[in-house]
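Q: Please find one structure pasted underneath; my questions will follow.
Each value in this text was obtained by applying a stated rule to the coordinates, not by laboratory testing. In this text the structure is predicted, and so the values were computed from the model without any measurement. Note that each Cβ is placed from the backbone with ideal geometry, even for glycine, and that neighbours are counted across all protein chains shown.
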Amino acid sequence: MTKNFGLLFLMVIIFNIGVKAQEKIIASKGNPIITDKYTADPAAYVYGDSVYLYTGHDVSPKGNERYEMHDWLCYSSADMVTWKEHKSPLNVKNFIWAKDDAWASQVIERNGKFYWYVAISHGTIHGKSIGVAVADNPRGPFKDAIGSALITNNMTTDVKISWDDIDPTVIIDDDGQAYLFWGNQKCYFAKLKKNMIELDGPIQKVDVPKFTEAPWIHKRKNWYYLSYASDFPEKIVYAMSKNINGPWEYKGILNEIAGNSNTNHQAIIDFKGKSYFIYHNGAINTDGGSFRRSVCIDYLNYNSDGTMKRVVMTSEGVRKVK
Ligand code: FUB
């Protein structure tokens, strides 16, 4: 008995050392916040005392001007400046039906489970698709929650492109109803069942102007906000509504063109009394750019009528918050 307990104790210690060895502390020195690898398409989720930051991972070498992305990354922080990098909790290989392309994603918690909605190329149905992974812990490991795609390109036929089913964003409303928004050129949305892995009704379209991609849905003080990338190179614009089904009122530019990256892809959160705009640019050293992007964080400020002030992109980034 004592011998078995000793062995178990040793195994727990070895496991913890292993986990710690895979965690790296990053003291961010401003924007971009992560400089040892290229990170893109940020999504953030506040859970407990921490922010969990989920990103795509650009690995395209310089000269290869196309997206090359095979896994997603996970970081956490209790102060928005000191980030812990966790072992990559999700890879395209975790979806056996998928081909490649670990594009934009978002994580949300429901009943103690963490659901990670990802854009990914389908292996057998032409085009991009949306898959869902699930974990018991925001750091994962995540596994495919369905065993097949939640959304495939042939489910949305309005736009004659193969990449209109990308960039999922998810919200659980105050009444418990969950919604998934996504799209490229056309913004779609649908209700999700309580199990978070099935649609609960038809796919509907959102009527907003100049929608390119990267929708992010959030709610604050009874206003729904739909921010998204517009035009190309992209700027982030937004619309507001009192009803998640619309109509949406277009409010204009939220964040200007990054300048060093064609895309800008945002996430919006409130954490410890402040609001944050998390996005990417191409600002890392001489190799950064549209296919080697880097996550940045700046403050987001609201006006008293609920509209959002235009974001000021800075190289200083944000300060530690307690
Ligand atoms: O990272 C690949 C794609 O680029 C994303 O899905 C888009 O939002 C854009 O950022």
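Q: Can you find a residue that is under 28 Å from Phe291 (Cα atoms) and either outside any loop (DSSP other than H, G, I, E, B) or touching a helix residue (DSSP H, G or I) at 6+ places or on another chain (Cβ under 8 Å) (or both) anywhere in the stretch 190-212?
A: Checked the stretch 190-212: no residue is under 28 Å from Phe291 (Cα atoms) and either outside any loop (DSSP other than H, G, I, E, B) or touching a helix residue (DSSP H, G or I) at 6+ places or on another chain (Cβ under 8 Å) (or both).
Q: A further question follows. Taking the stretch 253-278 on its own, how many of its residues are of a type outside the set (A, V, I, L, M) and either touching a strand residue (DSSP E or B) at 6+ places or on another chain (Cβ under 6 Å) or crowded, with 23+ Cβ neighbours inside 10 Å (or both)?
A: Initial filter on the stretch 253-278 (of a type outside the set (A, V, I, L, M)): 255-256, 259-266, 270-277.
Restricting the remaining residues to those that are either touching a strand residue (DSSP E or B) at 6+ places or on another chain (Cβ under 6 Å) or crowded, with 23+ Cβ neighbours inside 10 Å (or both) gives 255-256, 260-261, 263-266, 271, 275-277.
Total meeting the criteria: 12.
Q: Looking at (1) without any contact (Cβ under 8 Å) to a residue 60 or more places away in the chain; (2) under 23 Å from Ile108 (Cβ atoms); (3) touching a strand residue (DSSP E or B) at 6+ places or on another chain (Cβ under 6 Å); (4) away from the ligand (no atom under 16 Å from the Cβ), which is the only condition Ile217 fails?
A: (4)
Q: Sticking with this structure for a sec: Starting from residues that are away from the ligand (no atom under 15 Å from the Cβ) and without any contact (Cβ under 8 Å) to a residue 24 or more places away in the chain, keep the ones in the stretch 42-88 and report whichever is nearest to Ile217 (Cα to Cα).
A: Gly48
Q: Specify the residue that is surrounded by the most Cβ atoms within 10 Å (Cβ to Cβ); the eligible residues are those in the stretch 125-177 that are under 21 Å from Asn245 (Cα atoms) and touching a helix residue (DSSP H, G or I) at 6+ places or on another chain (Cβ under 9 Å).
A: Asp165
Q: Under the condition of being within 13 Å of the ligand (Cβ to nearest atom) and within 21 Å of Cys74 (Cβ to Cβ), which residue from the stretch 279-305 is surrounded by the most Cβ atoms within 10 Å (Cβ to Cβ)? Before you say what the answer is, go through the steps one by one.
A: Just the residues of the stretch 279-305 that are within 13 Å of the ligand (Cβ to nearest atom), to begin with: 279-282, 289-295.
Right, trim to within 21 Å of Cys74 (Cβ to Cβ) and you get 279-281, 292-295.
Details: Tyr279: 31, His280: 26, Asn281: 24, Arg292: 23, Arg293: 33, Ser294: 27, Val295: 27.
Here the residue is Arg293.
Q: Under 7 Å between Cβ atoms, which residue pairs at least 6 apart in sequence (or on different chains) link something in the stretch 164-189 that is touching a residue at least 24 places away in the same chain (Cβ under 8 Å) and of a type in the set (Gly, Ala, Ser) with a partner that is within 14 Å of the ligand (Cβ to nearest atom) and assigned to a strand (DSSP E or B)?
A: That search, which allows pairs on different chains as well, returns Gly183/Glu213; Gly183/Pro215.
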